[in-house]
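Input: a single structure, listed below in structure tokens.
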Amino acid sequence: MLSKRIPTILPPLSLTESLETTRIYSAAGKMPAGQALLARRPVRSPHHSASGPALVGGGSIPQAGEVSLAHHGLLFLDEFPEFPRTILETLRQPLEDGVVTIARSHSAITFPARFMLVAAMNPCPCGYFTDPNKPCKCSPLQIDKYLSRISGPLIDRIDIHIEVPPVPYRELRGEHTGSSSDEMRAQVERARRIQRERFGDTSTILNARMTPKQLRRYCRLDAAGEQLLKQALTELGLSARAHDKILRVARTIADLAAEENIRPEHVSEAIMYRRLDRQL
Ligand SMILES: [Zn+2]
């Protein structure tokens with residue numbers, strides 16, 4: 001559900017983004033018939049049985065893979081630990097650099113691959129570990145083995161990890177309605193406007209891609225925020241990368257709330273989103 005709703009709250013493709021993604025689709029012969037330009041952010045959701053070249057690109061005549069077809073859009077990987085580990089590890093480069101390099105015998109080819117990764121996994125092989133109503137049948141060893149299929153360095157590169165508890169049937173059927181997609185999209189667009197103004201004419205457009213210098217300049221914390229972050233780092237043993245991610249996410253939470261300064265509650269919310277750092 002999350003992967004279907006995210007595109008509805010993202011800003012529409014800009015012309016530059018649309019041109020870049022259209023070029024990839026045209027070259028791959030995947031443009032929808034009768035369409036000259038892609039109008040919507042692409043959503044790709046390859047199955048875990050997809051081959052390496054299908055996912056990251058390759059082949060005798062190098063073709064763009066799913067990561068490039070998701071350029072400026074969303075890449076959704078369901079049952080994340082079921083993907084072969086070697087394939088998952090190749091996601092580290094595009095997550096970091098927004099490109100994927102395919103090595104050939106005498107050369108290398110680079111495709112753009114700047115996507116939002118959304119991945120879903122169960123808490124254990126049987127799926128009921130966190131379910132209050134059904135007993136989990138897995139042994140601690142089986143659970144460890146299952147979770148360790150996702151490497152620490154890969155988890156490290158994912159900004160937000162959250163646990164989604166099972167929703168009781170009654171609540172699913174309930175009339176309770178949260179914010180609508182339109183309201184959320186307006187909020188996202190406001191937050192992005194703040195970011196555009198912040199970064200001016202530098203090449204950065206999003207908090208997620210702040211340079212280390214920008215990070216120091218725009219993510220200053222007060223004493224209470226510093227204390228929270230320091231405590232989380234020592235207690236959870238977070239990496240330097242996770243530290244920077246917490247600052248970036250906290251900056252975005254503050255922007256969504258239209259707050260100029262990052263407040264301690266923004267920092268603690270961002271720390272809560274590092275769920276898997278505590279487990280793996
Ligand atoms: Zn289980």
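Please treat every number below as a calculation from the coordinates, not as lab data. Given the structure is predicted, the values throughout are model-derived calculations rather than measurements. Cβ placement follows ideal geometry from the backbone for every residue including glycine, while neighbour counts extend to all protein chains displayed.
A Förster radius of 45 Å combined with the Cβ-Cβ distance from Ile61 to Lys213 puts the calculated FRET efficiency at roughly 0.65. Among Leu229, Val249, Thr204, which residue has its Cα furthest toward the positive end of the charge dipole of the stretch 181-278, with +1 on Lys/Arg Cβ and -1 on Asp/Glu Cβ? Positive-end residue among those listed: Thr204. The slack in the chain from Asn133 to Glu82, taken as 0.36 nm per residue of separation less the alpha-carbon distance, amounts to 15.8 nm. Lysine pair count for the chain (Cα-Cα distance under 30 Å; residues 8 or more apart in sequence or on different chains): 10. Give me the distance between the Cα centres of the stretch 1-41 and the stretch 232-280, rounded to whole Å. One Cα centre to the other: 31 Å. Sort out for me the Cα centre separation of the stretch 84-132 from the stretch 175-231, rounded to whole Å. The two parts, judged by their Cα centres, are 24 Å apart.
For the chain, give me the percentage of DSSP beta bridges that are antiparallel, rounded to the nearest 5 percent. Approximately 45 percent, going by the DSSP bridge assignments.
Once a ≥ b ≥ c are taken as the square roots of the eigenvalues of the Cα gyration tensor of the stretch 92-151, is the result rounded (a/c under 1.5), prolate (a/b larger than b/c) or oblate (a/b not larger than b/c)? Verdict is prolate for the stretch 92-151. Report the far tail of the P(r) of the stretch 132-280, meaning the percent of Cα-Cα pairs longer than 21 Å. Tail of the P(r) past 21 Å holds 56 percent of the pairs.
Computed over the chain, the per-residue total of -39500 (n - 2.57) for DSSP H runs of n ≥ 4 gives a 222 nm mean residue ellipticity of -12500 deg cm²/dmol, rounded to 500. A simple spin-label model places pseudo-atoms 7 Å from Cα toward Cβ; at Arg241 and His48 they are separated by 2.2 nm.
Distance between the 7 Å Cα→Cβ label points at Leu2 and Arg220: 3.4 nm. Taking 7 Å steps out from each Cα toward its Cβ at Lys145 and Ser26 produces label points 5.0 nm apart. Towards the positive end of the charge dipole of the chain, with charges on Cβ (+1 Lys, Arg; -1 Asp, Glu), say which of Ile24, Leu74, Ile194 has the farthest Cα. Sorting the options by dipole projection puts first Ile24. The mean of 1/r over all pairs of different alpha-carbon atoms in the chain, once inverted, gives a Kirkwood hydrodynamic radius of 20.8 Å.
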